[in-house]
Amino acid sequence: MTIKEIVTMLNDKGLTTSHGTKMTINIVTDMLKNRRYIGEYRFKDIVNKDGIPRIVPQELFDRVQEVRAKNKRAAARHKAEDDYLLTTKLFCGKCGSFMCGESGTARNGSVHRYYKCNGAKYKHNCDKKTVKKEWIENIVVEKTKELLMDENVIEDIANIVLREAGKENPALTVLKQNLSETETIIGNLLKAIEQGIITTTTKQRMIELEQTKNELELKIIKEEMKRPTITKEGLMFWLRRFQKMEVVKKEHKQRLINSFVNSVYLYDDKLVISFNYKEECKTVTFKEVNGSSIECFGAP
């Protein structure tokens, strides 16, 4: 359980207020790392390991510190992953493994960031070289934007989105089917009443069925209202915004990649970009980009 989860639990039990949440986090953090609970007493530079009564077993305290360290590393790792725009989209062309973001510090203190094949790192069954982060990300962004400069592509994407949006929501299909079945039961029950087949539960059953029908009709209306009104002109206007976008900010690059790039396979002499558009692929040779494949490789 993380500190935030503990605080949430205390909030749910009414033991903290929204104004006191930050203070509570600090208090809980201090409690989790306070060595007084294992009997350790400190006065300036003097430490007495059995100076006060032990409250928490040493084993439990050590496990808590391990969990805290793990959570801290996980948070840092998640933040680092956010900075690598091709995370989960970049694959090794040799072995098919994910290529994940890494960084290293050179002797002069400069930080180098790159992608490395998981097969080469963990399984040692691949000799794929690392590739510089900015270099490959910029290529993918550039080629994706080039794709969107084609008005035929813009129109095709708009048509695909409209076609998908026109498909009925599966939940709506189920609701309509349930409504049809309910109406059929009501119709059969009315026929039975007309024929004089009436029991003590007939009236109650009719009331229940009518209530079910009303509820289903209301759910169907709500579900249909969730579907946004999309026009081809509106879609094409939105797509053309990417044509004018100055992709210098990380957020803009990430939006472009998330919206249109399905996967990128990196080979020694080329990369193949697969787009979320008619299974369209773009092959880019390194000679086409900068005339050489040497500069893009290499970790510190």
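The values are calculated or read from the model by the stated rules, or taken from the named source; none is laboratory data. Just so it is clear, the model here is predicted, and its values are computed rather than measured. Every residue, glycine as well, gets a Cβ built from its backbone with ideal geometry; the counts of neighbours run over all protein chains shown.
Points worth noting:
- Single condition Arg42 does not satisfy, out of (1) at pLDDT 80 or above; (2) assigned to a strand (DSSP E or B); (3) farther than 22 Å from Lys282 by Cα: (1)
- Residues of segment 244-283 satisfying the condition of being surrounded by 13 or more Cβ atoms within 10 Å (Cβ to Cβ), farther than 24 Å from Asn118 by Cβ, under 19 Å from the mean Cα position of the chain (by Cα) and not polar (S, T, N, Q): His252, Arg255, Leu256, Phe260
- Scanning segment 90-129 for residues that are in contact with a Pro (Cβ under 7 Å, 6 or more places away or on another chain) and outside any strand (DSSP E or B) yields one hit, Ala106.
- Some residue of segment 217-234 being surrounded by 10 or more Cβ atoms within 10 Å (Cβ to Cβ), out of contact with any helix residue (DSSP H, G or I) (no Cβ under 6 Å at 6 or more places or on another chain), modelled with pLDDT of 75 or more and assigned to a loop (DSSP other than H, G, I, E, B): yes
- Any chance Arg205 is under 16 Å from Glu146 (Cα atoms), basic (Lys, Arg), free of Cβ contacts under 8 Å to residues at least 24 places away in the same chain and assigned to a helix (DSSP H, G or I): no
- Of the listed requirements (1) under 26 Å from the mean Cα position of the chain (by Cα); (2) farther than 20 Å from Tyr267 by Cβ, Cys117 misses just one: (2).
- In summary, Asp156 fulfils each of the numbered conditions (1) within 19 Å of Asp269 (Cα to Cα); (2) exposed (fewer than 15 other Cβ atoms within 10 Å of the Cβ) with the single exception of condition (1).
- Residue count, segment 130-141 (criterion: surrounded by fewer than 18 Cβ atoms within 10 Å (Cβ to Cβ) and either touching a helix residue (DSSP H, G or I) at 6+ places or on another chain (Cβ under 8 Å) or assigned to a helix (DSSP H, G or I) (or both)): 3
- Residue among Thr199, Thr144, Thr173, Thr182 that is assigned to a helix (DSSP H, G or I), free of Cβ contacts under 8 Å to residues at least 12 places away in the same chain and of a type outside the set (A, V, I, L, M, F, W, C): Thr173
- In the set (1) within 25 Å of Val248 (Cβ to Cβ); (2) not in a loop (DSSP other than H, G, I, E, B), Thr87 fails one condition alone, (2).
- The residues in segment 147-160 that are free of Cβ contacts under 8 Å to residues at least 12 places away in the same chain and either in a helix (DSSP H, G or I) or under 15 Å from Arg255 (Cα atoms) (or both) can be counted, and the count is 2.
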